Amino acid sequence: MKHFDVAVIGAGVVGGLIARELSRYNLNICILEAQNDVAMGATRANSGIVHAGFDAEVGSFKARFNVAGSKMMKRVTDELGVKYKNNGSLVVGFSDADRKHIEKLVARGIENGVEGVRLIEADELRAIEPNISDSAVCALYAPTGAIVCPYELCIASIGNAMDNGASLKCDFKVEKIEKSDEKYVIYSKNEHISADFVVNAAGIYADEIAKMVGDESFTVRARKGDYILLDRECGTMANCTIFRCPNEMGKGILVSPTVDGNLLLGPTSVNIDDKGDKSTYADGLSKIMATASENLRVGLPFGKSITSFCGLRAYGNTGDFIIRPACERFINVAGIESPGLSSAPAIAIYVAELLESEGLRLEKKEDFNPIREPKHAFREGSIVEKNEYIRRDASYGRIICRCESISEGEILDAIRSNPPARDLDGVKRRCRAGMGRCQGGFCAPYVMELIARENGVDFASVTKCGGESAIVFSKTKGAQE
Amino acid sequence: MRKADLVIIGGGPAGMAAALSAREQGIEDILILERDSSLGGILQQCIHNGFGLHTFGEELTGPEYAWRYEKEVIDKKIPVLLNTMVLSVDESKVITASNSEDGVFQIEAKAIILAMGCRERPRGALNIAGTRPSGIYSAGMAQKLVNMKGYMPGREVVILGSGDIGLIMARRMTFEGARVHAVCELMPYSGGLARNIEQCLNDFDIPLKLSHTVVEIHGKERLEGVTIAKVDENRRPIPETREYIPCDTLLLSVGLIPENELTAGAGIELSRITNGATVDENRQTEIEGIFACGNVLHVHDLVDFVSSEAEIAGRGAAAYIKGEAEKSDRVINISTDGRVRYTVPQRIAGQGDVDVYFRVADVYRDATIKVSDGERVILQKKKLKLAPGEMECVKLPADKLCGVENLRFSIEF
């Protein structure tokens with residue numbers, strides 16, 4: 001049985017940044033993930049916003065870690081070589097009631113320590129956001145608001161942790177945890193590991209994990225959010241991330257550019273009972289189309305939809321993040337719904353401190369390397385820079401994904417670098433091949449060939465996302481000869 | 001910077017025919033840039049026959065039709081770069097492309113012919129509610145897997161869209177032992193060729209459900225079933241008609257979109273109706289020296305029309321390169337009445353005879369195609385049946401176009 005200093009349960013952006021933080025120290029770390037790949041939960045289906053921090057209640061963990069995390073995010077994304085854009089956030093007001101609400105948010109933001117947040121009037125709003133609705137009268141403007149790609153950040157943080165010695169076990173669904181005075185033994189169906197310390201960052205399943213060590217002090221429900229993503233042609237329709245005045249179910253349906261140049265609309269907000277239900281609802285998608293359009297003075301071209309998808313927020317029952325020991329040497333990091341992404345870098349530092357106060361020895365690693373090579377450098381390089389890559393490795397010259405201009409070299413890198421991609425969706429999330437307007441219609445067979453070749457497996461065994469998600473079943477009659 | 005007289009982007013039927021046509025007009029310095037590892041474009045995976053009835057008087061398979069042109073391209077030693085992806089075209093006719101041998105390189109061309117073909121509309125563009133399992137393919141992707149890779153994408157199939165690719169794949173999958181449960185079509189009529197309805201559906205007892213669509217997708221990792229529903233006259237699903245069909249494969253044949261990213265990048269405006277550039281009778285776009293032909297200009301039903309269109313573009317580009325392009329002051333703009341959805345060309349720049357191709361917006365019976373210049377009727381043609389899925393052509397003789405300023409294409413009864 002393998003033994004580790006720390007086991008991190010959950011390979012989302014929170015678990016990933018925690019593992020990366022811990023990998024600064026001389027520790028044997030194992031990240032355990034139930035799904036076939038990292039970033040499979042809320043991490044890959046959220047708005048990608050680094051919130052400024054005016055929304056969370058003063059004095060809450062949400063406020064504290066949002067503001068701190070938001071300040072750290074640029075440096076973290078630089079180190080990990082992932083995209084970050086400081087595009088600013090707007091909360092748009094259409095009425096006097098909205099104005100009052102916005103004034104409250106501004107005051108709260110200032111109290112939370114958000115820099116530069118202020119109320120702006122219609123003329124300044126139109127200068128910042130020319131496409132804003134003609135009915136908008138004022139707005140909260142938070143210049144520190146930003147956008148990132150949440151799964152790119154997660155993949156990079158886990159990759160960096162692994163490059164610095166951490167281990168990753170996917171397809172490890174935790175079924176049982178045995179607690180003793182010295183250690184924890186964590187069981188999946190087929191294997192088990194032991195660890196001195198455990199971090200429970202298991203998203204919507206964090207309450208079930210906590211229960212395994214006898215902590216039933218909180219529950220986590222799944223709150224579904226559907227999204228629609230529009231073609232990159234639409235990416236310049238908005239500059240900032242545009243919110244409406246929030247209600248009790250959340251921040252409402254927003255319109256935001258993404259760091260990859262698309263336009264993201266959503267999310268809806270519906271509590272659901274089945275934590276495994278990741279389907280989008282037809283009425284959710286209709287609601288997005290109706291509501292998102294209200295923010296802008298130009299119609300949103302839904303004919304330019306590329307895809308729609310659903311994420312499940314981990315909605316804890318305490319109203320705030322639940323970050324505290326369940327028992328000795330076992331830290332819960334639960335109920336990380338919005339502003340979880342923004343808070344993740346700061347949560348990671350806090351969790352390291354909690355572990356230290358539980359007795360974990362944090363001895364700085366001499367050769368810790370915080371830097372991860374940016375994986376999108378090729379695409380963004382000049383012709384001269386691209387040809388440098390190609391001179392070293394000709395596979396960068398062969399473009400496989402036409403819509404996003406992704407080369408064979410980048411796809412191979414996704415299959416080889418930590419954490420390695422093992423299926424079509426894994427490749428897609430790491431290098432964007434298949435994320436363009438044809439959604440893999442052209443490139444999927446080529447990507448499958450590359451995965452098969454690199455992993456020494458049959459073409460037919462390559463899946464969309466592990467498990468039963470085969471792409472092809474069998475050979476045709478002609479091919480069998 | 002590398003230079004060439006004529007660069008053709010795309011080595012499918014359009015690109016090859018255009019190259020041969022330009023060569024016939026005396027242009028030596030031609031380069032075809034093709035992203036795939038061989039010429040032929042989409043024809044390579046269209047192993048069914050029916051190609052070439054007009055061009056060769058024969059019913060060839062896709063690869064056979066493509067080979068007729070590829071052989072000539074080889075025999076005439078027309079330069080081709082395979083596995084080469086064009087990254088951008090700018091309005092000064094500089095092309096940036098990439099492959100593993102040459103890396104990223106640029107070519108300055110005197111003339112460019114755009115022949116990039118089209119892509120299929122994916123599931124994501126339809127915003128169908130439900131899960132996102134594997135087992136959902138565009139019909140063309142399934143065709144590639146079956147015909148080029150030799151793998152079955154599934155066994156129990158539902159097809160959405162009765163366009164030709166969907167119909168062809170219904171038959172193809174059945175031949176390979178799959179069961180096609182239904183072909184659903186949103187409209188009250190099929191978009192495919194009549195002969196395909198007969199030979200691909202009726203011959204195999206595959207039900208065609210008109211005015212139906214897929215409203216929900218089920219299955220966690222692999223598709224397990226779809227919910228279909230009838231739609232009303234506004235194409236909205238009627239909830240009481242929801243029906244669950246267990247299946248493991250959903251093929252989508254829901255629209256072809258000309259692949260015009262490069263075209264738009266060159267600053268050429270795209271027609272909202274065809275999703276392609278607008279051209280004159282030589283298939284020249286709004287940028288002098290840049291021509292377009294084939295599916296990238298407007299989606300065709302018959303490859304024969306692609307070939308003849310490409311020949312026009314090849315001749316046009318050749319004349320332009322030689323400085324022999326007809327200089328004409330007048331430009332006749334062609335408008336449509338809405339029943340005629342679009343025409344290609346959209347304008348006439350020269351003085352000669354012009355063949356104008358068009359598509360209609362709906363099925364029309366006992367109709368008259370009318371071509372008029374204001375009040376004056378230039379030409380009239382009666383037709384028993386017109387359908388959106390069958391491209392039509394009207395021949396306009398030069399003498400009838402004398403003194404014409406605007407042409408209008410309309411359908412009357």
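The values are calculated or read from the model by the stated rules, or taken from the named source; none is laboratory data. From a predicted model like this one, the values you see are computed outputs, not experimental measurements. All Cβ positions, glycine included, derive from the backbone under ideal geometry; neighbour counts span all protein chains shown. Please note that ligands, DNA and RNA were not included when accessible areas were found on the heavy atoms of the full protein model with its side chains. Shrake-Rupley method; radii C 1.70, N 1.55, O 1.52, S 1.80 Å.
Points worth noting:
- Set side by side, the residues A:GLY276, A:GLY235, A:GLY252 differ, and just one is under 21 Å from the mean Cα position of the chain (by Cα), farther than 21 Å from A:PHE54 by Cα and either acidic (Asp, Glu) or away from chain B (no Cβ under 13 Å) (or both), which is A:GLY235.
- When the stretch B:189-241 is filtered for residues that are part of a loop (DSSP other than H, G, I, E, B) and without any contact (Cβ under 8 Å) to a residue 60 or more places away in the chain, the ones remaining, listed by number, are B:ASP205, B:ILE206, B:PRO207, B:SER211, B:ASP232, B:GLU233, B:ASN234, B:ARG235, B:ARG236, B:ILE238.
- For the residues A:TYR396, A:TYR389, the requirement of being touching a residue at least 12 places away in the same chain (Cβ under 8 Å), outside any loop (DSSP other than H, G, I, E, B), open to solvent by 40 Å² or more (accessible area, probe 1.4 Å) and touching a Gly at 6+ places or on another chain (Cβ under 7 Å) singles out A:TYR389.
- Residues in the stretch A:209-230 include none that are without any contact (Cβ under 8 Å) to a residue 12 or more places away in the chain, assigned to a loop (DSSP other than H, G, I, E, B) and open to solvent by less than 30 Å² (accessible area, probe 1.4 Å).
- Residues of the stretch B:106-127 classified as at the interface with chain A (Cβ under 8 Å from one of its Cβ atoms) and either free of Cβ contacts under 8 Å to residues at least 40 places away in the same chain or open to solvent by less than 30 Å² (accessible area, probe 1.4 Å) (or both), total: 4
- Which numbered condition A:GLY466 misses (of (1) facing chain B (nearest Cβ under 10 Å); (2) open to solvent by less than 20 Å² (accessible area, probe 1.4 Å); (3) free of Cβ contacts under 8 Å to residues at least 60 places away in the same chain; (4) out of contact with any Leu (no Cβ under 8 Å at 6 or more places or on another chain)): (3)
- Flag for A:LYS189 being more than 14 Å from chain B (Cβ to nearest Cβ), basic (Lys, Arg) and either open to solvent by less than 60 Å² (accessible area, probe 1.4 Å) or assigned to a helix (DSSP H, G or I) (or both): no
- Being within 12 Å of chain B (Cβ to nearest Cβ), in a strand (DSSP E or B), within 15 Å of A:GLY225 (Cα to Cα) and out of contact with any Cys (no Cβ under 8 Å at 6 or more places or on another chain) holds for only one residue in A:LEU285, A:LEU265, and it is A:LEU265.
- In the stretch A:92-140, residue farthest from the chain's Cα centre (by Cα) [restricted to those that are over 24 Å from A:GLY59 (Cβ atoms) and assigned to a strand (DSSP E or B)]: A:GLU121
- Qualifying residue in the stretch B:130-145 (condition: more than 12 Å from chain A (Cβ to nearest Cβ) and either buried (at least 21 other Cβ atoms within 10 Å of the Cβ) or acidic (Asp, Glu) (or both)): no
- In the stretch B:384-413, the residues that are free of Cβ contacts under 8 Å to residues at least 24 places away in the same chain form Cβ pairs under 6 Å with partners that are not aromatic (Phe, Trp, Tyr), at six or more places apart or across chains, as follows: B:LYS385/B:ARG365; B:LYS400/B:ILE378.
- Neighbours by Cβ (under 6 Å, 6+ apart or cross-chain): first from the stretch B:68-96, away from chain A (no Cβ under 14 Å); second of a type outside the set (Val, Ile, Thr) and open to solvent by 40 Å² or more (accessible area, probe 1.4 Å): B:GLU91/B:GLY267
- Taken as a whole, the structure places A:GLY409 among residues that are assigned to a helix (DSSP H, G or I) and facing another protein chain (nearest Cβ under 10 Å).
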